[in-house]
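Just below is one structure, and these are the notes that go with it.
None of the figures in this text is laboratory data; all of them are computed from the coordinates on show. In this text, all values refer to a predicted model and were calculated from it rather than measured experimentally.
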Amino acid sequence: MIIKFNVFGKAMSVHRKEHQWHLYNESATGLRSRVYDVVIPSELEATELGRYLDDIYHEYASEKHPSVVKVG
């Protein structure tokens with residue numbers, strides 16, 4: 001399962017692998033890099049990921065990008 005988000009203007013995705021969530025930065029060219037310094041609790045449901053990312057990255061909120069938005 002892959003879920004894509006716009007996290008305050010930054011493209012990110014969350015992947016479910018072996019009962020764990022993995023967070024990635026997404027580039028415009030399709031490359032992705034793993035974010036190791038953010039651990040998403042494995043018990044979170046997919047519907048809770050946006051709110052969790054909002055809590056973690058809220059300091060990046062701006063007038064142009066005020067929230068985390070699920071993409072696609």
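A few notes on this one:
- In order through segment 37-51: 3J(HN,Hα) via Karplus (6.51 cos²θ - 1.76 cosθ + 1.60), integer Hz, x for Gly, Pro: 8, 10, 10, 9, x, 5, 7, 5, 7, 4, 6, 9, 5, x, 5
- Choice from Tyr57, Tyr36, Tyr24 showing the highest fluctuation, given a GNM over the chain with Cα pairs closer than 10 Å: Tyr36
- Phe8 long-range amide H proximity, modeled H, under 5 Å: Ser67, Val68, Val69
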